[in-house]
Amino acid sequence: MNFQPACREKNQVSLFYKILVVYSILSLSLLITGYVYTNNLLYITFFILSLVVVAIYFYGVFEPSNNLFIKSLKGKDISPQEHFVLLRFDDGPDPNYTPRILDILKENKIQAIFAVTGENSLKYPHIIERIVKEKHILANHSYSHPYLISLYSFNKLHREIQRCNEVIEAKTRQKVKYYCPPMGHKSLALAKVLKKLNMSLLAWDLNTGDTRRGKEQIVNIIKDSIKAGDIVLFHDGIFKWTRQDREATVKSLEEIIIYLRNKNLVKEAE
Ligand SMILES: [Zn+2]
């Protein structure tokens, strides 16, 4: 297999976005010229309608758990029992933090979701093996975690997701069923790609914001906001262009598990 970084490919922006941008520019120009010269309210109406279309589309792209383009699975869709909470760890595997998180989960017999990138899976295949061996759910988090993934065309997005599947499946010999998009960003192209790859989109219900918070804050977010059946988002991997560590995530985990257990929101894995 030949894994070239996706960024070397020609940047293909999806046709829908091109149309959307042209439409927005046109409607803005019409508003300015039309209104200035004719004072006609029709132009204002046209412009407002354009804004509504753009706003709906942006909601579909950026709100992580809506079903506008594609059904987003929630905790209750994949949890062994509807009321149990699932912990999800994104951006790994990481050679430092992922094994420590796996140790804590093993000690407490908790099953979690690991949304891994193809690049990191290629670097640390032994951690992928361990995640599967310890019966956690492995999900695709794209090959290279691009920021502008919601702008990708069908072909480019297909390649990004398929590459990650190839890396994981070469190690696990199991088909990857779930895709967790970077930043939770979706698109119309994504709906088509997942249908072609026969994969489901997995959202989160509660984001701990652990990439920018300390241990106490992370624990408090859980205590304040957790609901039965939630998928809770954490990060075990470090984003390549940031330099944060994941100490707060690892250190908050024991206390969170104790809290969830006392509330009967987690179940010991068999
Ligand atoms: Zn991510």
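We did not get these values from a lab; they are worked out from the coordinates using the rules stated. Model, not experiment: these values are computed from the prediction. Glycine also receives a Cβ, built like all others from the backbone with ideal geometry; neighbour counts cover every protein chain displayed.
Structural remarks
- Footprinting exposure proxy ranking of F234, F154, F62, fewest other C-beta atoms within 10 angstrom first, gives F62, F154, F234.
- Compactness of the range 138-257 is given as radius of gyration and Dmax, 15.8, 44 Å, from Cα positions.
- Crossing angle, helix 41-62 versus the chain [Cα axis fit, 0-90 degrees, rounded to tens]: 20
- Calculated on alpha-carbon atoms, Rg and Dmax of the chain in Å: 21.0, 73
- Within the straight-line cut-off of under 16 Å between alpha carbons, the aspartates and glutamates reachable from K196 are E160, E166, sequence neighbours fewer than 8 places apart in one chain being disregarded.
- Segment K106-N155, extension gain: residue separation times 0.36 nm, minus the distance between their alpha carbons: 13.7 nm
- Computed E for D245/E134 - FRET, C-beta separation, R0 22 angstrom, nearest 0.05: 0.40
- Per-residue Cβ neighbour counts within 10 Å put C164, C180 in the sequence C180, C164, beginning with the fewest.
- Each of V22, V250 was scored by other Cβ atoms within 10 Å of its Cβ. Arranged with the fewest first, they read V22, V250.
- Candidates E107, E160, E134, ranked by Gaussian network fluctuation over the chain, Cα under 10 Å, top entry: E107
- Choice from L151, L138, L42 with maximal GNM fluctuation in the chain (Cα, 10 Å cutoff): L42
- Compared with the dominant Cα axis of the chain, that is its longest principal axis, helix 15-38 is turned about 40°.
- Neighbourhood net charge (15 Å Cβ-Cβ; Lys/Arg +1, Asp/Glu -1) for F69: +4
- The stretch between Q174 and A55 holds 38.9 nm of extra length on full extension. This uses 0.36 nm per residue minus the Cα-Cα distance.
- The chain: calculated mean residue ellipticity at 222 nm from DSSP helix runs of at least 4, using -39500 (n - 2.57): -15500 deg cm²/dmol
- For the chain, share of DSSP beta bridges that run antiparallel, in % to the nearest 5: 5
- Degrees, to the nearest 10: 188-197 long Cα axis against longest axis of the chain: 40
- In straight-distance terms, cross-link reach from K71 covers every one of the aspartates and glutamates whose alpha-carbon lies under 17 Å from its own, apart from those fewer than eight places away in the same chain; here that gives E63, D205, D230.
- Cross-link check: pairs K135/K195; K133/K195; K192/K267; K156/K215; K195/K251 evaluated at a Cα-Cα cut-off of 30 Å; pairs beyond the cut-off: K192/K267; K156/K215; K195/K251.
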